[in-house]
Amino acid sequence: MKSKGTAYLLWLLSFFGCLGFHRFYLGKIGTGLLWMITGGLCGIGALIDLFTLGGSVDQYNTNKELKQMREVTMANAMSTSAVASAVASNVAANTAKEQ
């Protein structure tokens, strides 16, 4: 989970967002490099980031949480499938023994 406080601190430490440290923190490597090269798109992008940074942190955290939930769901589905397969094999084996 990423922190809004850390993101805003990095925004501040990167000359009010012009160096894009906050973008690297959120995993936006491409736009982080763009911010470094262009000075935060001549300061305009850096200023916009001041108002949108909180939402960007929320979006990052939501995406990470959803990814973790998908992984857990898939793992559960696979284990449930394995259990169902084992039960079906046992039923088939028992049926064959009875005949």
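Assorted remarks:
- Filter pass, G55 being modelled with pLDDT of 95 or more, more than 20 Å from K4 (Cα to Cα) and assigned to a helix (DSSP H, G or I): no
- For the stretch 13-34, a residue qualifies if it is assigned to a helix (DSSP H, G or I) and surrounded by fewer than 13 Cβ atoms within 10 Å (Cβ to Cβ), and the qualifying residues are L13, I29, G30.
- Flag for T62 being at pLDDT below 95, part of a helix (DSSP H, G or I), farther than 21 Å from L19 by Cα and among the hydroxyl-bearing types (S, T, Y): no
- Exactly one residue out of E98, E65 is within 23 Å of the chain's Cα centre (by Cα) and acidic (D, E), and it is E65.
The values are calculated or read from the model by the stated rules, or taken from the named source; none is laboratory data. Because the structure is predicted, anything quoted here is derived from the model rather than measured. Note that each Cβ is placed from the backbone with ideal geometry, even for glycine, and that neighbours are counted across all protein chains shown.
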